[in-house]
């Protein structure tokens, strides 16, 4: 069974907050950047500042965009 990733409400990101998380060895960061939601993912024990992201993706800064970000993350678990 695939793990379900749960994130904050879209208003969390609309207010400029960044979310870091992990699921089954995958680490990720979602951050509002230039009116969009930017996603980064990587594997390993390093924090975001020290890692080399394996993949990045950009989504609309909206509930639909957040739903797309969750789907993107869940397909990489």
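With neighbours defined as other Cβ atoms within 10 Å of a residue's Cβ, the residues 67, 49 order from fewest to most as 49, 67.
By other beta-carbon atoms within 10 Å, ranking 47, 23 with the fewest at the front produces 47, 23. Available extension along the chain between residue 33 and residue 74 is 12.6 nm, counting 0.36 nm per residue and deducting the alpha carbon span. Relative to the longest principal Cα axis of the chain, at what angle does helix 63-74 sit, 0 to 90 degrees, rounded to 10? Value to nearest ten degrees: 10. Of all the options 11, 22, 62, the one that moves most in a Gaussian network model of the chain with Cα springs shorter than 10 angstrom is 11. Neighbour counting of Cβ atoms within 10 Å sorts the residues 46, 41, fewest neighbours leading, into 46, 41.
We did not get these values from a lab; they are worked out from the coordinates using the rules stated. This is a predicted model, so every value here is computed, not measured. Cβ sites come from the backbone with ideal geometry, for glycine too, and all protein chains shown count toward neighbours.
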